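Read the structure below first, then the notes.
The values are calculated or read from the model by the stated rules, or taken from the named source; none is laboratory data. Everything numeric in this text was worked out from a predicted model, so none of it was measured. Glycine gets a Cβ as well: all are built from the backbone with ideal geometry, and neighbour counts include every protein chain shown. The protein model used for the area step is the full one, side chains on, heavy atoms only, and it has no ligands, DNA or RNA in it. Shrake-Rupley method; radii C 1.70, N 1.55, O 1.52, S 1.80 Å.
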Amino acid sequence: MKVIEKFISIDGEGPTAGALSVFIRFAGCNLRCAWCDTSYAWEAKHGDEMSAAEIADYVRRSGMEHVTLTGGEPLLQPDIISLLAMLADYQVHIETNGAIPIDLYRIGNNVHFVIDYKLPDSGMEDRMERLNLELAKKDDAYKFVIASDRDLDRAIEIVRRYELDTRTQVYFSTVFGTMKPADVVERMKRERLCKIKVQLQLHKYIWEPKKRGV
């Protein structure tokens, strides 16, 4: 499998935001979001070859209890299911871009998904796998990255249409430096979106926003 970086840090977003995790960032992505902040992971040719066993050994040596598999798009990796089987003793979050059905990769109660829904300003909404909107469970999460009022309108529409906030955890995040989080909060107040959480990318506030490996 192609790994572009691996490190220990806090989860910057999702249900375990602020908690330590060991990160495996895979190279290669099937989307090209306009605001992507990990475009260096788009091309698989940039990654280092690692086997599932080598990755699992790195996780064991890290001393962490939680694993974050991210990218790029981790579900594109050919041996991802083998890796998940080797990580059965860990809590695993798979950060996936929403374009690949997740059902084949739910191989244990320790594996949870943080699923993106790409909104209009990303340029990738037509690539979203709608089945995932039905597959998400209470220990998973749906994340909407918002760049404009148009994106916010669409996020609210999708949450309500699929009753997402009654079945899974829902987070509204903003494109860093583009959409004001305060504007999202005001809209949530007006719409009485009591089950949705606003979440900022913590790592971009703790460290320099473009810093890698954090």
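Against the numbered list (1) part of a loop (DSSP other than H, G, I, E, B); (2) within 24 Å of residue 94 (Cβ to Cβ), residue 171 comes up short only at (1).
Give 161, 212 a once-over and let me know the one that is in contact with a helix residue (DSSP H, G or I) (Cβ under 9 Å, 6 or more places away or on another chain) and touching a residue at least 12 places away in the same chain (Cβ under 8 Å).
Result: 212 is the single residue among 161, 212 that is in contact with a helix residue (DSSP H, G or I) (Cβ under 9 Å, 6 or more places away or on another chain) and touching a residue at least 12 places away in the same chain (Cβ under 8 Å).
All of 121, 116 fail the test of being crowded, with 16+ Cβ neighbours inside 10 Å and part of a strand (DSSP E or B), apart from 116. Hey, among the residues in the stretch 179-196 that are of a type outside the set (D, E, K, R) and assigned to a loop (DSSP other than H, G, I, E, B), which one's farthest from residue 159 (Cα to Cα)? If we take residues in the stretch 179-196 being of a type outside the set (D, E, K, R) and assigned to a loop (DSSP other than H, G, I, E, B), then 179 is farthest from residue 159 (Cα to Cα).
Please determine whether any residue of the stretch 95-111 is over 14 Å from the mean Cα position of the chain (by Cα) and buried (at least 20 other Cβ atoms within 10 Å of the Cβ). No, every residue in the stretch 95-111 fails to be over 14 Å from the mean Cα position of the chain (by Cα) and buried (at least 20 other Cβ atoms within 10 Å of the Cβ). The residues of the stretch 41-53 that are surrounded by fewer than 14 Cβ atoms within 10 Å (Cβ to Cβ), assigned to a helix (DSSP H, G or I) and at pLDDT 95 or above amount to a single one, 53.
Residue count for the stretch 16-40 under the criterion of being open to solvent by less than 50 Å² (accessible area, probe 1.4 Å), touching a residue at least 40 places away in the same chain (Cβ under 8 Å), in a loop (DSSP other than H, G, I, E, B) and farther than 19 Å from residue 60 by Cα: the result is 8.
This table checks each residue for (1) among the charged types (D, E, K, R); (2) surrounded by 17 or more Cβ atoms within 10 Å (Cβ to Cβ).
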site: 143; (1), (2): yes, yes
site: 152; (1), (2): no, yes
site: 158; (1), (2): no, yes
site: 171; (1), (2): no, yes
site: 181; (1), (2): no, no
site: 192; (1), (2): yes, no
site: 206; (1), (2): no, no
site: 213; (1), (2): no, no
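Taking residue 64 as the residue in question, decide whether it is buried (at least 22 other Cβ atoms within 10 Å of the Cβ) and over 18 Å from the mean Cα position of the chain (by Cα). Taking the combined requirement at face value, the residue does not satisfy it.
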